[in-house]
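Below: one structure, written as structure tokens.
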Amino acid sequence: MIRMMRLAVLYIALGAGANSAMAQGLEDFLQGDMRIMILHEAPVSVARVRFTDTEGVEMGLDAFAGQYVVLNFWATWCAPCRVEMPSLAALQETMGSTDFSVVTVATGRNPMPAVNRFLREVGATNLSVVLDPSQDMARAMDVSGLPTTVLLTPEGREAGRLVGDADWAGDAALALLRAWSGQGDS
């Protein structure tokens, strides 16, 4: 039994080391719109934050544990967000799986009818949406402008962030995200 526990600890430690090594090797993928991505040398802790789903159920980032998450902060009034959102929908369509999700955070005053209308208008109804009406989550995660996209590891740690809009379905983003998440060229 002790031997099994030691092997489990070793396996977890090796996995964590591989994730850090992978994050450090991503600089070669910072091309195109991804040039402004800030990658951390090693994933960093994020604040324990609470938000609600579209039904008003309170939850935290632990709801996405075990997944690579592209967490995008946006608002219905944000013009660059309107430009960026279709590429996030395309990214979800291309890479979305039980291991990889695009999650959007409508931060600030964004009534659900406006959120739904926005998503319909830009063709992004396939995206997961959570609400941060008081902007507590945005403040806790040091979001300084919209849109801001944060890459979260399966352990819920921040691997990097990009402030501003980007083409998340473009070749540069797909190459970076596939390398980061270990999804290869699929």
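So the values come out like this:
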read-out	value
Unique residue being of a type in the set (Gly, Ala, Ser) and modelled with pLDDT under 95 when the list is 128, 186, 134	186
Residues within region 152-186 that are in contact with an Asp or Glu (Cβ under 7 Å, 6 or more places away or on another chain), closer than 21 Å to residue 75 by Cα and of a type in the set (A, V, I, L, M), tallied	2
Scan of region 86-110 for residues that are in contact with a Phe, Trp or Tyr (Cβ under 7 Å, 6 or more places away or on another chain) and under 22 Å from residue 52 (Cβ atoms), ordered by number	88, 101, 103, 104, 105, 106, 107
Pair list, Cβ < 7 Å and 6+ apart or interchain, from region 66-85 residues that are among the small types (Gly, Ala, Ser) to residues that are modelled with pLDDT of 95 or more	66/154; 75/81; 75/106; 75/107; 75/108; 75/110; 75/146
One residue from 108, 96 being farther than 18 Å from residue 147 by Cβ and surrounded by 14 or more Cβ atoms within 10 Å (Cβ to Cβ)	96
Subset of region 111-125 [of a type outside the set (Phe, Trp, Tyr) and either modelled with pLDDT under 95 or surrounded by 21 or more Cβ atoms within 10 Å (Cβ to Cβ) (or both)]	124
First in region 117-128 and under 11 Å from residue 88 (Cα atoms), second anywhere and of a type in the set (D, E, K, R) and modelled with pLDDT of 95 or more, Cβ under 7 Å, 6 or more apart	122/82; 126/93
All positions within region 146-184 that are under 12 Å from residue 100 (Cα atoms) and of a type in the set (S, T, N, Q)	153, 181, 183
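The values are calculated or read from the model by the stated rules, or taken from the named source; none is laboratory data. Just so we're clear, the structure is a prediction, and the values are computed from it rather than from any experiment. Positions of Cβ are generated from backbone atoms using ideal geometry, with glycine treated the same way; all protein chains shown enter the neighbour counts.
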